[in-house]
Amino acid sequence: MRLALFADIHANRQAFAACLDAARARGAERLICLGDIVGYGADPEWAVDTVKDLVAKGAIAVRGNHDNAIGVPSDSMNADAQAAIDWTRSRLSGEQKEFLAELPMSREEDNRLYVHSEASDPAKWRYVRDTADAARSMMATELQITFCGHIHRPGLYSMSPTAKMTSFVPTAGVAVQLLTGRRWLAVLGSVGQPRDGDPAASFAMFDTASREITYYRVPYDVATAAARIKANGLPHWLADRLSIGR
């Protein structure tokens, strides 16, 4: 089965729609959303309804920290992020808020774990920044492959049977086989707010038969996404950063 994996959509309609089209064009058979459907962007209603409809059709979705903050106020967000959450909360219906609140923190499927932040304590919303963070997450699950997001930058980590760690930044469009002799942590880039210097939206596809993961970058209408953020009175930095991938 060909899985399409999306993380950190952040209510960016233009980016998510472009990624969905790209994934379907590449033969995606099942969609996985690794959290942060809302926050930062200007189309939270559309984003929630889209993921909700995908889940009803068999997709998997887990809860991100911005999704969580809609119902459980967070004291760890910066001012711009908090302003976007407050605005988003005022826009969502009760049914949409309930959908976000009921998303699981993680999901297991075959030999794979799906989680927004990392596996050792998903509710602490820790970032996977280096091999030590990745090792902590991998040691917390018996499953061979973990997929996560949260940091908005793509990365691949592996652990040998002797606990030796390796890491690298995947090249877009180049398949990497997740060898059975190692354990793996695949960190997705962000659909709606990349922070690796590339403004193109990011998603990945994983082939469960060949065990190959391929990261993709998808150009989208950044200008419209940014204009909608400003038009809705959200902090301008949330719009400006889209064009520089920061």
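Report ³J(HN,Hα) in whole Hz for each residue of segment 106-113, in order, from the Karplus equation J = 6.51 cos²θ - 1.76 cosθ + 1.60 where θ = phi - 60°; Gly and Pro get x.
7, 9, 10, 8, 6, 9, 10, 10
In Å², and per residue, what accessible area does the chain have when probed at 1.4 Å with the other protein chains present? Spell out each step's value before the answer.
On the way: 10020 Å² over 246 residues.
Per residue, the chain has 41 Å² of solvent-accessible surface.
List, in order, the whole-Hz ³J(HN,Hα) value for each residue of segment 54-65 obtained from phi through the Karplus relation with A = 6.51, B = -1.76, C = 1.60 and θ = phi - 60°; use x for Gly and Pro.
Values, residue by residue: 5, 4, 4, 9, x, 6, 10, 9, 10, 8, x, 5 Hz.
Tell me, what % of the accessible area of segment 2-244 is carbon and sulfur with a 1.4 angstrom probe? Can you show the working numbers first?
Working: 4810 of 9790 Å².
Carbon and sulfur: 49 percent of the exposed surface of segment 2-244.
What do you get for the angle between helix 222-231 and the principal long axis of the chain? Use alpha-carbon atoms, 0 to 90 degrees, nearest ten.
Compared with the principal axis, the helix lies near 40 degrees.
Over all distinct alpha-carbon pairs, what is the Kirkwood Rh of segment 124-195 in angstrom?
Numbers: mean 1/r = 0.0796 Å⁻¹.
Computed over Cα pairs of segment 124-195, the Kirkwood hydrodynamic radius comes out at 12.6 Å.
Below 8 Å between Cα atoms, with a sequence gap of 6+, how large is the relative contact order for segment 139-246 in percent? Provide the component values of the computation, followed by the final result.
Working: 199 pairs, mean separation 27.5, N = 108.
Relative contact order here is 25 percent.
List, in order, the whole-Hz ³J(HN,Hα) value for each residue of segment 177-186 obtained from phi through the Karplus relation with A = 6.51, B = -1.76, C = 1.60 and θ = phi - 60°; use x for Gly and Pro.
Karplus values, whole Hz, x for Gly and Pro: 7, 8, 4, 5, x, 10, 9, 9, 10, 9.
Determine the calculated [θ] at 222 nm for the chain from helices alone, applying -39500 (n - 2.57) to every DSSP H run no shorter than 4 residues and normalising by the residue count; nearest 500 deg cm²/dmol.
Values: 8 runs with 78 residues, N = 246.
My calculation for the chain gives -9000 deg cm²/dmol from helical runs alone.
Given C-alpha coordinates of segment 108-246, what is the ratio Rg to Rh with the Kirkwood estimate of Rh? Don't jump to the answer; show the numbers that get you there.
Numbers: Rg = 16.2 Å, Rh = 15.9 Å.
Rounded to two decimals, Rg/Rh equals 1.02.
May I have the convex hull volume per residue, in Å³, for the Cα set of the chain? Display every interim value, and only then the final one.
Details: hull volume 26.3 nm³, N = 246.
Enclosed volume per residue, from the Cα hull, is 107 Å³.
From the gyration tensor of the Cα coordinates in segment 154-195, what semi-axes in whole Å does the equivalent ellipsoid have, largest first, with each one equal to sqrt(5λ)?
Values: eigenvalues 100, 25, 12 Å².
Listed largest to smallest, the semi-axes of segment 154-195 are 22, 11, 8 Å.
Please compute the alpha carbon radius of gyration of segment 181-246, then divide it by the globular-protein estimate 2.2 N^0.38 Å. Two decimals is fine. Display every interim value, and only then the final one.
Numbers: Rg = 15.2 Å, N = 66, 2.2 N^0.38 = 10.8 Å.
Working it through for segment 181-246, the quotient is 1.41.
Considering the Cα trace of segment 78-134, what is its radius of gyration and what is Dmax, both in angstroms?
Considering segment 78-134 through its Cα atoms, Rg and Dmax are 14.8, 40 Å.
Quick one: compute a quarter of the convex hull surface over the Cα atoms of segment 1-140 and quote it in nm². Intermediate results must be reported in sequence, preceding the final value.
Values: hull surface 34.9 nm².
Projected over every direction and averaged, the Cα hull of segment 1-140 covers 8.7 nm².
Would segment 1-62 count as rounded, prolate or oblate if I go by the C-alpha gyration tensor, calling it rounded below 1.5 in a/c and otherwise prolate when a/b exceeds b/c, oblate otherwise? Walk me through the numbers before you get to the answer.
Details: a/c = 1.94, a/b = 1.49, b/c = 1.30.
It comes out prolate by the Cα gyration axes.
In percent, what relative contact order does the chain have, based on Cα pairs under 8 Å that are 6 or more apart in sequence? Intermediate values should be presented prior to the final figure.
On the way: 574 pairs, mean separation 57.5, N = 246.
With pairs under 8 Å counted, the relative contact order is 23 percent.
The values are calculated or read from the model by the stated rules, or taken from the named source; none is laboratory data. This is a predicted model, so every value here is computed, not measured. With ligands, DNA and RNA removed, areas are computed over all heavy atoms of the protein, side chains included. Shrake-Rupley method; radii C 1.70, N 1.55, O 1.52, S 1.80 Å.
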